[in-house]
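Chemist: What follows is a single structure, and I will ask about it in a moment.
The values are calculated or read from the model by the stated rules, or taken from the named source; none is laboratory data. Note that the structure is a prediction, hence the values are computed from the model and not measured. So basically every Cβ, Gly included, is an ideal-geometry build from the backbone, and we count neighbours across all protein chains shown. To get the accessible areas, we keep the full protein, side chains included, count just its heavy atoms, and leave off ligands, DNA and RNA. Shrake-Rupley method; radii C 1.70, N 1.55, O 1.52, S 1.80 Å.
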Amino acid sequence: MRIGELSRRTGVSQRLLRYYEEQNLLTPHRLTSGYRVYEPADELRVAHIRSLLAAGLSTETIAEVLPCMGVDGERLIASICPELVDELLVERARIADSIRSLQEAQSALDAIITAKPAASSTAAQAPAESRSTSLAG
DNA sequence: ATTCTAACA
DNA sequence: TGTTAGAA
């Protein structure tokens, strides 16, 4: 099938499908016309790519991890390859780290939001309305 | 009618 | 990622 059909069947835009190819996630053949030709199995492959992206993996990581993935019906299985599981655990650790970082940012913001002025505090003056256009307007 | 590449109000 | 111009 060509890109238009794969796009319809997967709900992924043609632009994105070409992007996935650029990222080495898909490798369609080419007709002499230059048109891309996809295998029927690519429909499921695209779904798997979407799942991995939703899991927060980069296209680079997906490219090296996808070939090791096992498939159970529609679902992806990582347990087939032990080294793969290790890498995914590293990704999981990155996510846990990001969460910790965001929680700290949230706490810092909360401290500023709830802070109340002391009786003699010198309050900063609110800046005047800013105009994005010229004075002449 | 479809797809391709390249580029950006 | 969308959109789009210009060509095949």
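Chemist: Among the candidates A:Arg94, A:Arg45, A:Arg75, single out the residue that is at pLDDT 95 or above and surrounded by 10 or more Cβ atoms within 10 Å (Cβ to Cβ).
Modeler: The unique qualifying residue is A:Arg45.
Chemist: Another question, if that's okay. Looking at (1) among the hydrophobic types (A, V, I, L, M, F, W, C); (2) touching a Gly at 6+ places or on another chain (Cβ under 8 Å); (3) free of Cβ contacts under 8 Å to residues at least 12 places away in the same chain, find the lone condition where A:Ala54 falls short.
Modeler: The number of the failed condition is (2).
Chemist: Continuing with this model, one more query. Quick check on the stretch A:8-17: of everything there that is under 15 Å from A:Ala41 (Cα atoms) and open to solvent by 20 Å² or more (accessible area, probe 1.4 Å), which residue is nearest to DNA strand B (Cβ to nearest atom)?
Modeler: Ranking the qualifying residues of the stretch A:8-17, first place goes to A:Arg8.
Chemist: Regarding A:Arg36, is this residue among the charged types (D, E, K, R) and either at positive phi or open to solvent by 100 Å² or more (accessible area, probe 1.4 Å) (or both)?
Modeler: Judged against the criteria, A:Arg36 is not a match.
Chemist: Could you grab me the full set of residues in the stretch A:18-28 that are open to solvent by less than 70 Å² (accessible area, probe 1.4 Å) and either more than 15 Å from A:Glu39 (Cβ to Cβ) or modelled with pLDDT under 95 (or both)?
Modeler: Answer for the stretch A:18-28, where residues must be open to solvent by less than 70 Å² (accessible area, probe 1.4 Å) and either more than 15 Å from A:Glu39 (Cβ to Cβ) or modelled with pLDDT under 95 (or both): just A:Gln23.
Chemist: Take the stretch A:37-54 and flag every residue that is part of a helix (DSSP H, G or I) and within 16 Å of DNA strand C (Cβ to nearest atom).
Modeler: The answer is A:Arg45, A:Val46, A:Ala47, A:His48, A:Ile49, A:Arg50, A:Ser51, A:Leu52, A:Leu53, A:Ala54.
Chemist: Inside the stretch A:57-72, can you point out the residues that are open to solvent by 40 Å² or more (accessible area, probe 1.4 Å) and in contact (Cβ under 8 Å) with a residue 24 or more places away in the chain?
Modeler: Those that are open to solvent by 40 Å² or more (accessible area, probe 1.4 Å) and in contact (Cβ under 8 Å) with a residue 24 or more places away in the chain: A:Glu60, A:Val71.
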